[in-house]
Every structure is written in structure tokens, then in C-alpha cells.
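What follows is a single structure, written as C-alpha cells, with notes after it.
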């Protein structure tokens with residue numbers, strides 16, 4: 001589900017769960033382990049990438065709807081651990097957004113250090129409310145950190161999906177380049193950062209990201225309980241099942 005490529009001191013973790021790199025429980029757990037182990041294996045930076053045209057379509061809702069409550073609680077806990085691992089990684093992480101990145105795809109990128117997206121008509125944004133899911137507070141805080149309070153409200157409350165160019169204008173991504181250059185640009189960003197004096201860069205990066213990491217130091221158990229409860233809310237479940245039915249109809253047509 002994850003292809004690993006070594007680029008010297010930089011490791012690329014490429015999501016590889018066709019057709020849309022949807023985040024299943026197994027993919028979330030595998031990516032969490034991969035992010036955690038890279039620094040222990042001597043890597044000095046990571047690039048998180050996807051397949052051409054598709055970074056990640058977000059949570060695999062059709063799979064998740066089949067889980068019982070304890071299993072779904074475990075998924076939410078692992079997903080929060082993944083966000084925390086990205087936010088608090090001792091090595092920098094660049095997101096190479098190779099294509100569509102709605103909902104959970106954008107969430108992964110939010111917690112990285114830097115984001116480059118492919119030009120084109122791909123969609124980026126936090127569309128959770130469109131399928132009946134309130135945006136979890138820790139994710140909203142990460143969004144607000146990038147785009148500011150007013151734009152975060154506009155994007156989150158409406159579940160707006162935007163083009164890469166619009167995302168760059170908002171600050172949701174840092175750069176937009178032709179699709180064939182996305183991975184190379186992400187590697188170049190990592191390599192340029194690693195060329196700087198290591199101690200100064202590491203300590204300053206830690207200070208700069210302290211607010212993001214601090215989001216996971218508060219009462220996350222309470223937030224997880226609330227997120228879990230909202231997942232099982234009748235309105236949310238109805239909206240999620242409607243979405244799955246619509247997806248199934250599109251596949252048949």
C-alpha cells in the first residue's frame with residue numbers, strides 16, 4: 001500500500017492503494033509506521049506522494065461503514081496518531097500532491113511542513129461537511145494555521161473544494177508546478193533545507209511548529225470521544241450511506 005523510494009537522505013513514501021489511495025485502516029496504520037521509522041533509519045527528510053492524478057481521496061468510507069464501534073474507534077485513534085506523527089516528525093516532510101486530495105487527502109498535507117501541488121483541475125480541500133462529518137477541531141486548527149481564520153471558516157463550513165491554483169492563492173499549498181515536476185520540486189525543497197546548518201534549522205523548525213504539535217498535547221481523548229460519537233450520529237450515518245450509494249451508482253453507469 002506504500003511504495004518506498006530512496007533519494008539519498010530523503011525517503012519518498014508513495015501511497016499505492018488503487019484506484020484512489022483511499023485511507024483504509026490498514027493504510028493509515030502502515031503510513032503511521034513508515035513516518036515513525038524513517039528518522040530511526042537515518043533519513044533526514046520525507047516526501048509523501050501519491051499516484052499521477054490522485055494523491056488521496058481521503059477516508060475509505062465504504063470500508064469504514066462496515067466496522068463496528070470498537071473497530072471504528074481504533075481507526076480514529078490511529079488517524080490522530082498519524083496526524084500527530086506528521087506534525088511532530090523530527091525530520092521535515094514535504095507533501096507532493098500529485099492530483100486530487102479531497103478531505104483526508106488534504107488532511108495529510110496540512111500536517112506536513114510544505115506542500116507542492118500539480119497544476120490542473122484536481123480538487124483540494126476539506127469536504128467533510130458535504131458528507132455529514134463535522135470537521136474535527138485539531139484539523140480545523142491546522143487549516144486555520146495555514147490560511148487564517150476567515151478563509152478557514154469559509155473552507156471548512158462549506159466543505160469547499162478548490163483548484164491547486166486557488167489553494168496556492170489561499171496558502172493551502174505553497175507552490176503549484178506542472179504534474180511531471182511535482183516530485184522533483186518536493187525533493188529540491190527537502191534538499192535545500194538539508195543544506196542549511198542542521199542544528200539551527202532543527203531548533204528553529206521545532207519552535208515554528210510548536211503550536212501545531214501542541215494541538216495534540218491537550219485533551220485529545222475527549223476530542224476523540226466526540227469525533228467517534230459524531231460518526232455514529234444518525235444524520236451523519238445517513239449522509240455517509242447516501243454518498244456510498246452514489247459512488248456505487250457511478251461505477252455501474
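Each value in this text was obtained by applying a stated rule to the coordinates, not by laboratory testing. What you see is a predicted model, and the numbers here were worked out from it, not measured in a lab. Please note: Cβ atoms are built from the backbone with ideal geometry, for glycine as well, and neighbour counts cover all protein chains shown.
Gyration tensor analysis over the Cα atoms of the chain returns equivalent ellipsoid semi-axes of 28, 20, 18 Å (largest first, whole Å).
Comparing mean-square fluctuations of 33, 11, 185 from a GNM of the chain with C-alpha springs under 10 Å, the top value falls on 33.
Size descriptor for segment 52-187, Kirkwood hydrodynamic radius: 15.1 Å (Cα pairs only, one decimal).
Under the simplified labelling scheme, the residue 158-residue 119 pair shows an inter-label distance of 2.6 nm, with each label point 7 Å from Cα along Cα→Cβ. Of all DSSP bridge pairs formed entirely within segment 2-199, close to 30 percent run antiparallel. Working note: 222 nm ellipticity from helices only, DSSP H runs with n ≥ 4, each -39,500 (n - 2.57), summed and divided by the residues of the chain, gives -16500 deg cm²/dmol to the nearest 500. Determine which residues of segment 122-164 fall in the zone a paramagnetic label at residue 233 would reach in this model, i.e. backbone nitrogen under 18 Å from the point 7 Å along Cα→Cβ. Within reach of a label on residue 233, which here means backbone N under 18 Å from a point 7 Å along Cα→Cβ, segment 122-164 contributes 126-141, 153-160. The distance from the alpha carbon centre of segment 130-183 to that of segment 198-253 is 14 Å, rounded to a whole number.
Once you reduce segment 1-43 and segment 80-125 to the center of their Cα atoms, the two points are 13 Å from each other.
Across segment 82-177, C-alpha contacts under 8 Å between residues 6 or more apart give a mean separation that, scaled by the residue count, equals a relative contact order of 30 percent.
When the convex hull of the C-alpha atoms of segment 109-253 is computed, what volume per residue in Å³ does it have?
Hull volume over Cα atoms, normalised by residue count, gives 136 Å³.
Across q = 0.14, 0.15, 0.24 Å⁻¹, segment 47-101 modelled as identical point scatterers on its alpha-carbon atoms has Debye log10 I(q)/I(0) values of -0.51, -0.58, -1.00, in the order of the q list.
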